[in-house]
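Data first, discussion second: the structure below is written as structure tokens.
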Amino acid sequence: MRLTGEVDAVRVAAVSRRLRRRLRPGVVVLEVDLSGVRWVSADGTAAFFDVWKAARANGTRLVITNPSSEVWHVLDQVGLIRLLGSPGDGAPPPPATWRDRGPRPLRPARSSAARCRQRRWRGWLW
């Protein structure tokens, strides 16, 4: 199933209904293609959580494919990616355009005496 546009607080109920209609007995995997989705708000992720709960109760696996880097980031931030599983379990890998740079490394702290020596060496005066 392919979604398009934006998934926000206004469209969350409609998206949820549309996805839930696809959950029928005997459906093993519900694949949701997000290549046409430009934006998912934090409120909009409620549709995916709602469908994930219904799919789990139905014995269906929810798989999200082709998210943009922005959409992936939002879904990851709210924890939906962890619920769907790791990439080895069928969850899509993060898009190549998005890189988690992580925290910046800390610079080693210098003592005030070392800073003073460095300034004097450069010719700076206090």
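Being among the small types (Gly, Ala, Ser) and in contact (Cβ under 8 Å) with a residue 24 or more places away in the chain is the filter; apply it to the range 26-42 and report the residue that is nearest to Ser69 (Cα to Cα).
First, pick out the residues of the range 26-42 that are among the small types (Gly, Ala, Ser): 26, 35-36, 41-42.
Going one step further and asking which of them are in contact (Cβ under 8 Å) with a residue 24 or more places away in the chain, we end up with 35-36, 41-42.
Numbers: Ser35: 10, Gly36: 12, Ser41: 13, Ala42: 15 Å.
Of everything passing the filter in the range 26-42, Ser35 is nearest to Ser69 (Cα to Cα).
Only one of these conditions is not met by Arg38: (1) surrounded by 13 or more Cβ atoms within 10 Å (Cβ to Cβ); (2) within 15 Å of the chain's Cα centre (by Cα). Which number is it?
Condition (1) is where Arg38 drops out.
What number of residues in the range 41-67 are on the phi < 0 side of the Ramachandran plot, polar (S, T, N, Q) and under 16 Å from the mean Cα position of the chain (by Cα)? Spell out the reasoning first.
Kept after step one, since they are on the phi < 0 side of the Ramachandran plot, are these residues of the range 41-67: 41-58, 60-65, 67.
From what is left, the residues that are polar (S, T, N, Q) are 41, 45, 58, 60, 65.
Imposing the further condition that a residue be under 16 Å from the mean Cα position of the chain (by Cα) reduces the set to 41, 45, 65.
Residues that pass the stated criteria total 3.
Quick grid of which residues meet (1) assigned to a loop (DSSP other than H, G, I, E, B); (2) at pLDDT below 90; (3) in contact with a Lys or Arg (Cβ under 9 Å, 6 or more places away or on another chain):
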{"residue": "Leu3", "(1), (2), (3)": "no, yes, yes"}
{"residue": "Glu6", "(1), (2), (3)": "no, yes, yes"}
{"residue": "Ala9", "(1), (2), (3)": "yes, yes, no"}
{"residue": "Ala14", "(1), (2), (3)": "no, no, no"}
{"residue": "Arg18", "(1), (2), (3)": "no, no, no"}
{"residue": "Arg24", "(1), (2), (3)": "yes, yes, no"}
{"residue": "Leu34", "(1), (2), (3)": "no, yes, yes"}
{"residue": "Arg38", "(1), (2), (3)": "no, yes, no"}
{"residue": "Asp43", "(1), (2), (3)": "yes, yes, no"}
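Could you grab me the full set of residues in the range 53-76 that are of a type in the set (A, V, I, L, M, F, W, C) and more than 13 Å from Arg21 (Cα to Cα)?
Step one: of the range 53-76, the residues of a type in the set (A, V, I, L, M, F, W, C) are 54-55, 57, 62-64, 71-72, 74-75.
Across the range 53-76, the qualifying residues are Ala57, Leu62, Val63, Ile64, Val71, Trp72, Val74, Leu75.
How many of the residues in the range 50-103 are assigned to a helix (DSSP H, G or I), under 23 Å from Glu6 (Cβ atoms) and either in contact with a strand residue (DSSP E or B) (Cβ under 7 Å, 6 or more places away or on another chain) or modelled with pLDDT under 80 (or both)?
If we filter the range 50-103 for residues that are assigned to a helix (DSSP H, G or I), which is where we start, we get 50-58, 69-77, 80-84, 87-89.
Subset that is under 23 Å from Glu6 (Cβ atoms): 50-55, 69-77, 80-81, 83-84.
After this cut, where a residue has to be either in contact with a strand residue (DSSP E or B) (Cβ under 7 Å, 6 or more places away or on another chain) or modelled with pLDDT under 80 (or both) as well, the list is 51-52, 55, 70-71, 74-75, 84.
The number of residues fulfilling the criteria is 8.
The values are calculated or read from the model by the stated rules, or taken from the named source; none is laboratory data. As the structure is a prediction and not an experimental result, all values here were calculated from the model. Heads up, the Cβs are rebuilt from the backbone with ideal geometry, glycines too, and the neighbour counts pull from every protein chain shown.
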